[in-house]
Amino acid sequence: MGGIFGVVSKGDCVTDLYFGIDYHSHLGTRRGGMAVYTEDGFDRSIHSIENAQFRTKFEDAAARMHGHVGIGCISDTEPQPLIIRSRLGQFAITTVGRINNLDELADEAFAGGRTQFLEMSGNRINPTELVAALINQKSSIPEGIRHAQKKIDGSMTLLLATAEGIYAARDYLGRTPLILGQKWDGSLCASFESHAYMNLGYHTLRELGPGEVVYLSRDGVQEVLAPCEKKRVCTFLWTYYGYPTATYEGINVESSRYRCGALMAKEDAADGLELDSVGGIPDSGLAAAIGYANESGVPFHRPFMKYTPTWSRSFMPQDQKMRNLVAHMKLIPVHDLIRDKRLLFIDDSIVRGTQLRETVDFLYESGAREVHVRPACPPILYGCKYINFSRSTSDMDLIARRVIVRLEGGVPSEERLALYKDASTPEYAAMVEEIREEMHFTTLKFPSLDTLVESIGLPECELCTYCWNGRE
Ligand code: SF4
């Protein structure tokens, strides 16, 4: 997915910018970038972070750059921030989101007189350059941002820095977050993650609403465009993406995962399962497992660990075979906690299922007697079309969809598919049993969407639940 961070400071902003971006490193593994307005205009640095962490790669840039205004990103897709000179002046821009109608918007731009896009990314127009082009179609930056928000099919949260300040704009439907922080000296930051500025001396001012645009300068925060009414925050921020310390819409990730685990334990209570321990698939399954263990009274154990000292998260080989090998090499079993044990594991979700099945086989090979699995969200039936979800895939690659096709003897109609979304139907039960068998689990039980929504604590209408029920 990626994350963005920007600072407008009274003194030099670079140290805060450097660490603030670094605290978004869990959101992406491909590229990092920072741009600072210096005496000579924008100074920018972009590096691959596939084999080294952001801080290592940007140490020199951070030492070189000096200024009061800066923005940056961790990106899983295109290189950014971009520096743009247009009729609206010079600015730097960084974005997080996904543009489904990129080619259509580019064609419209050509028809409107634009002659070229300079930044290509993986043989496609760089989405951030397209956003800049959309903004430049209007006569002011705020008008341009609203225009871009309305034209984009997908989502887009952005920071746009000028010589004097930063426009911070949250996605039109608020699928991705943007939060403001302020320091004792009046410095301001805009951040995807709420924990990114905590250790830098900032306190939270407020979160932007869907589609809201503000301007941060050394004079303070100015409202530019008011928030819109409709909201669809990505539910996966709590389930998978968010770092445990992050808070979105006032709801902390770790706490919501505890609640989800506790609710699943309550749902299991009547089944009379006999277990020796509860564990979580690291990292995002751990908190739900603690919640489950605390509620059920079954001890929480870590029957295997990730060897993180040398296998950093950012090490992501291109080749799938190599990725699988790395995933396997990272895991080290604790045989004492596995041999002859009845284990229950919580993972954040089951997408394709490949990696989880390998993990479960690895537990059996290590002597486990039973492996019960409880994903922390319902079966995923639709690939994400709103954000660059790193686990996203075409619908037919999703294990739940593959199983449904098998059970139905072909691709089901929407009417038939609806039966598999309803946990009270025999079709749903058959799907869960088929997944359980394919994955070699002793038992498998998904929480309902209501349980997931309850664990977060927001009204369902404010959450994006497209992955599970296809609601737009
Ligand atoms: S479809 Fe799923 S991953 Fe995508 S924004 Fe919605 S909840 Fe998040």
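Check whether at least one residue in region 243-263 is within 15 Å of the ligand (Cβ to nearest atom) and among the aromatic types (Phe, Trp, Tyr), and report yes or no.
Yes, region 243-263 contains at least one residue that is within 15 Å of the ligand (Cβ to nearest atom) and among the aromatic types (Phe, Trp, Tyr).
Take region 438-465 and flag every residue that is within 12 Å of the ligand (Cβ to nearest atom) and assigned to a loop (DSSP other than H, G, I, E, B).
465
Within the bounds of region 420-427, is there any residue that is in the same structural domain as residue 350 (by TED's automatic domain parsing), hydroxyl-bearing (Ser, Thr, Tyr) and buried (at least 19 other Cβ atoms within 10 Å of the Cβ)?
Yes: region 420-427 contains one or more residues that are in the same structural domain as residue 350 (by TED's automatic domain parsing), hydroxyl-bearing (Ser, Thr, Tyr) and buried (at least 19 other Cβ atoms within 10 Å of the Cβ).
Among 67, 33, which is in contact with a strand residue (DSSP E or B) (Cβ under 7 Å, 6 or more places away or on another chain), outside any loop (DSSP other than H, G, I, E, B) and over 23 Å from residue 143 (Cα atoms)?
33
Filter region 331-347 down to residues that are among the basic types (Lys, Arg) and within 21 Å of residue 290 (Cβ to Cβ) and give me whichever is surrounded by the most Cβ atoms within 10 Å (Cβ to Cβ).
Within region 331-347, the match that is surrounded by the most Cβ atoms within 10 Å (Cβ to Cβ) is 341.
Note down all Cβ pairs under 6 Å where the first residue falls in region 373-388 and is within 17 Å of residue 267 (Cα to Cα), the second is in a loop (DSSP other than H, G, I, E, B) and away from the ligand (no atom under 11 Å from the Cβ), and they're at least six residues apart or on different chains.
Correct list of pairs: 373/441; 374/445; 375/350; 375/446; 376/348; 378/446; 379/446.
Where residues in region 378-431 are of a type in the set (Lys, Arg) and more than 15 Å from the ligand (Cβ to nearest atom), which of them is nearest to residue 77 (Cα to Cα)?
It comes out as 402.
In region 33-56, is there at least one residue being of a type in the set (Val, Ile, Thr), within 17 Å of the chain's Cα centre (by Cα) and at pLDDT 95 or above?
no
Give the residue that is farthest from residue 451 (Cα to Cα), with candidates limited to residues of region 285-318 that are modelled with pLDDT of 85 or more and β-branched (Val, Ile, Thr).
298
On the basis of being away from the ligand (no atom under 16 Å from the Cβ), in contact with a helix residue (DSSP H, G or I) (Cβ under 8 Å, 6 or more places away or on another chain) and part of a loop (DSSP other than H, G, I, E, B), does residue 196 make the cut?
In short, yes.
Regarding region 368-382, can at least one residue be identified that is of a type outside the set (A, V, I, L, M) and surrounded by fewer than 17 Cβ atoms within 10 Å (Cβ to Cβ)?
The answer is yes, given that some residue of region 368-382 is of a type outside the set (A, V, I, L, M) and surrounded by fewer than 17 Cβ atoms within 10 Å (Cβ to Cβ).
The values are calculated or read from the model by the stated rules, or taken from the named source; none is laboratory data. These figures come from a predicted structure and were not determined experimentally. Don't worry about glycine lacking a Cβ; one is built from the backbone with ideal geometry, like all the others, and counts go over all protein chains shown.
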